[in-house]
1. Kindly provide the set of residues from the stretch 1-38 that are touching a residue at least 60 places away in the same chain (Cβ under 8 Å), more than 31 Å from the chain's Cα centre (by Cα) and surrounded by 14 or more Cβ atoms within 10 Å (Cβ to Cβ), ordered by number.
2. Here are some residues: Arg133, Arg115, Arg146. Which one is part of a helix (DSSP H, G or I) and modelled with pLDDT of 55 or more?
3. Could you list, in sequence order, all residues of the stretch 54-83 that are part of a loop (DSSP other than H, G, I, E, B) and within 14 Å of Lys13 (Cα to Cα)?
4. So which residues in the stretch 26-41 are within 21 Å of Val12 (Cα to Cα), of a type in the set (Ser, Thr, Tyr) and part of a helix (DSSP H, G or I), if there are any at all?
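The values are calculated or read from the model by the stated rules, or taken from the named source; none is laboratory data. Just so it is clear, the structure is predicted and the values come from calculations on it, not from any experiment. Cβ placement follows ideal geometry from the backbone for every residue including glycine, while neighbour counts extend to all protein chains displayed.
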Amino acid sequence: MTLSNCELFKKVKECKFISDPSIFTFILESQNLTLDDLNETDRAYLNHFVKCFVDLSKKKWKQVYGVQHRFDGRFGDWLSRDVAIPDLSKAIENTTASSLENGRSSIDFSKLNKRPSSRSTERISDENYEKTRKFENSPDKHIIPRKISPSDALAHILEYDLTEVAYTNMLLISKDHGADIWPPYNEACSMN
């Protein structure tokens, strides 16, 4: 018995939680299995499969703003396709106790290829030094800040509701950092 994306989508929409056992039961019934037939690995895989399916369904549902007829029209081809669930019954038959206990197969380190380093450390440091030298000599390094007009300064004072003390502190801080861009407070306020 095959299971279509449409049938699984409807079942997922009915359930409140992704981990609802009825979703797993629904999928397993299509393969004539029960939850008791699965080992921990298969259960984890099935859980991951359901999560991925739900995430994909939510993404597609959001693309059509949650409108069913748009969803059916835009993703009708996807809905009519069968769900790509591997046959878990074959996986259960092929599973042996030793493969469950061992987990990941061991690989001899001598067979692993060492990733060749394409660039030496000296060459990288030389390239970084050249980039730094280019930046130090570039005209971009010495950008001169533009002065702010008294009318723009007044707009700034009014927009941020600055007091004379706050404005003067801002002016002094910018001067300390080499950017003498603000006009004096009295000059900005005389722009009424």
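1. The answer is Leu28, and nothing else.
2. Numbers: Arg115 fails: part of a helix (DSSP H, G or I); Arg146 fails: part of a helix (DSSP H, G or I).
Residue meeting the stated conditions: Arg133.
3. Selection gives Gly66, Val67.
4. Ser30
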